[in-house]
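Notes to accompany the following structure.
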Amino acid sequence: MKKIIITTLFVSLLFVSNPNYVKSKNTNKLYEKIDLFSEVLQTIKQEYVDEVDQAEVMDSAINGVLQSLDPYSAYMSPKSFEGMQTDTKGEFGGLGIEIGMESGVVKVISPIDDTPAAKAGIKAGDYIVRINNEQVQGKTLTEAVELMRGPVGSEITLTVRRRNERKALEFKIKRAIIEVRSVEAKILGTKNEVGYLRLKSFNENSDEQLLKHIKKFEKDNKLNGYILDLRNNPGGLLTQAINITDFFLEDGEIVSTKGRRINETRRFFSKKGDEIHGKPLIVIINNGSASASEIVSGALKDHKRATILGEHSYGKGSVQSIIPLKNGGGIRLTISKYYLPSGKSISDVGVMPDIFVEETGDNFRINTETDNQLDYAVKLLKS
């Protein structure tokens, strides 16, 4: 009887949103798979050596379905979903890193500037292999995030594998409230001739903050040009990427998205009005520049509006939608892919810089005296 109840539950979940599906040719095969899953679940309950929490098994199964689609789709428990909702509002507890999955391994997309992770030395591209004493491989992305969250002030140890490093690296990091101040701006150059705009994330009001700094710079200074720094910016809201790109363009397409549904296939264009009035623009990117950062840098490159300097970007060219669930949790689901004005997809390819400048030195830190990439950009605008 239990087997029948479980099977019926799964059938209801899978078909409630699509009543016409029962008419498809694959219905019988799908029912067979659902029946097989029910049989496996029942066998685990009866035969597995240890007692199993079936709710946890079900959560893992849901996660497995989603993560088999791509590295960015995932299930969030009610607790994780609540935590995620604070991320785009600018304040959350944790370490200050954006992570994703690659071949079943947790990969650092980007450390956020001035957070515990960045200060400890975590870099974009690091693979997290242990969290405290727990192996990460085999865990879902949501489980890894849960392990990294904890009381403010408590300490966590991350063990990572890094390209070109023979041994694993260990970092002790103290958790903190992460306040994401997405925009930083200042004047650079010996004659105060370069406007520097550092965009750390694409949050709800990033465009307003950035435009405020641009207008002040344009009013108070005679600048040769601008630097837009998108290094270690993991992305954020698509609308923000579109608005910010529009600040620097007179016209033309910014980005297009293509999905299965008509409303997920859209094209976005700039409005007339370049906020920096055609002044030279250099955009700095690195391996931690992802998603919305790649929309901005890629569109400005395609329109030949900016010179792209630095290193190859991450290569995340898809759009995720956060869909709430009845249990208070949610799913992050890829609903479309985005394409640059040239028609190119960024997925797994990224944006290539016009001028390749690799970060140098063990003490390299963004926007400090050790920042050779920024120095290079400033010299270009001064010449």
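Computed quantities for the displayed model
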{"quantity": "Mean separation of Cα contacts under 8 Å (6+ apart) over length of the chain, as relative contact order %", "calculated": "13"}
{"quantity": "DSSP H segments from the chain that extend 18 Å or more along their own axis, Cα-based, with Kyte-Doolittle mean of -0.5 or above", "calculated": "2-15, 54-67"}
{"quantity": "Two-site FRET efficiency, Asp362 against Asn221, from Cβ-Cβ distance with R₀ of 45 Å, rounded to 0.05", "calculated": "0.80"}
{"quantity": "Most mobile listed residue (Ala61, Ala290, Ala241) in the chain, GNM with C-alpha springs under 10 Å", "calculated": "Ala61"}
{"quantity": "Most fluctuating residue given options Asn233, Asn28, Asn243, as computed from a GNM of the chain linking Cα atoms under 10 Å", "calculated": "Asn28"}
{"quantity": "Spin-label model distance (nm) - Ile322 vs Lys174, 7 Å beyond Cα toward Cβ", "calculated": "2.9"}
{"quantity": "Cβ-based charge dipole, segment 91-179, positive-most Cα from Gly121, Leu147, Ile97", "calculated": "Gly121"}
{"quantity": "Part-to-part distance (alpha-carbon centres) for segment 328-367 and segment 230-252, which is given in Å", "calculated": "13"}
{"quantity": "Shape call, the chain: gyration tensor on alpha carbons, a/c limit 1.5", "calculated": "prolate"}
{"quantity": "Computed over segment 268-380: relative contact order in percent, which uses C-alpha pairs under 8 Å that are six or more apart", "calculated": "25"}
{"quantity": "Percent RCO, i.e. relative contact order, over segment 91-179, from Cα pairs under 8 Å lying at least 6 residues apart", "calculated": "34"}
{"quantity": "Max mean-square fluctuation residue, GNM over the chain, Cα-Cα springs under 10 Å, options Val180, Val105, Val52", "calculated": "Val52"}
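Where a number appears in this text, it was derived from the coordinates with a stated rule and is not lab data. Fair warning: this is a prediction, and the values are worked out from it, not measured in the lab. Please note: Cβ atoms are built from the backbone with ideal geometry, for glycine as well, and neighbour counts cover all protein chains shown.
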